[in-house]
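Chemist: Structure provided below as structure tokens; questions to follow.
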Amino acid sequence: MTDAWYSVSDSTRRQILARVAAGPCSVGEITDALPVSMAAVSQHLKILREAGLVSMTPAGRRRIYQARVEGLAELRAELDTYWTQALHSFKQVAEASYLAEKEQP
């Protein structure tokens, strides 16, 4: 399985993920919205699928892709952890700075 962070490290894959997150679509619809070939879009979608960020549903000869809420939730949960840690660190620095200023005559 591809690492989700690796899969979103590429700007083209982020654009594809944004398009798929906006609503289910085919490779052709994604290709129409981006300046890359259909083969390249397919390769990027493969990486996003392996990372669990998108799913594919066959519809006749077409394949319809959509965002996987569960995969995106895992990325968000990890980001929330970093955000919480950063806020906690900021609070500690701000409080220490405040106390240091208060102690100065």
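Chemist: Looking at region 11-33, which of its residues are at pLDDT 95 or above, surrounded by 14 or more Cβ atoms within 10 Å (Cβ to Cβ) and over 15 Å from L72 (Cβ atoms)?
Modeler: If the condition is that a residue be at pLDDT 95 or above, surrounded by 14 or more Cβ atoms within 10 Å (Cβ to Cβ) and over 15 Å from L72 (Cβ atoms), then T12, Q15, C25, S26, V27, E29, I30, T31 are the ones that fit.
Chemist: Moving on to the next point. Taking the conditions exactly as written (surrounded by 10 or more Cβ atoms within 10 Å (Cβ to Cβ), at pLDDT below 95 and over 23 Å from Y6 (Cβ atoms)), does A94 satisfy them or not?
Modeler: The answer is yes for A94.
Chemist: Kindly indicate which of G71, G52, G60 is over 29 Å from D10 (Cα atoms) and of a type in the set (G, A, S).
Modeler: Unique residue meeting the criteria: G60.
Chemist: Residue by residue through region 45-91, note down the ones that are surrounded by 16 or more Cβ atoms within 10 Å (Cβ to Cβ) and either modelled with pLDDT under 95 or part of a helix (DSSP H, G or I) (or both).
Modeler: Matches in region 45-91: L45, I47, L48, R49, G71, L72, L75.
Chemist: Can you tell me which of (1) surrounded by 10 or more Cβ atoms within 10 Å (Cβ to Cβ); (2) in contact with an Asp or Glu (Cβ under 7 Å, 6 or more places away or on another chain) is the one M1 doesn't meet?
Modeler: Checking M1 against (1) surrounded by 10 or more Cβ atoms within 10 Å (Cβ to Cβ); (2) in contact with an Asp or Glu (Cβ under 7 Å, 6 or more places away or on another chain), the one that fails is (1).
Chemist: Quick one: in region 34-44, of everything that is farther than 18 Å from V8 by Cβ and assigned to a loop (DSSP other than H, G, I, E, B), which residue is least open to solvent (accessible area, probe 1.4 Å)?
Modeler: Checking each candidate, the answer is S37.
The values are calculated or read from the model by the stated rules, or taken from the named source; none is laboratory data. Not measured: the values here are computed from a predicted model. Glycine also receives a Cβ, built like all others from the backbone with ideal geometry; neighbour counts cover every protein chain displayed. Note: accessible area is taken over every heavy atom of the protein model, side chains too, but ligands, DNA and RNA are not part of it. Shrake-Rupley method; radii C 1.70, N 1.55, O 1.52, S 1.80 Å.
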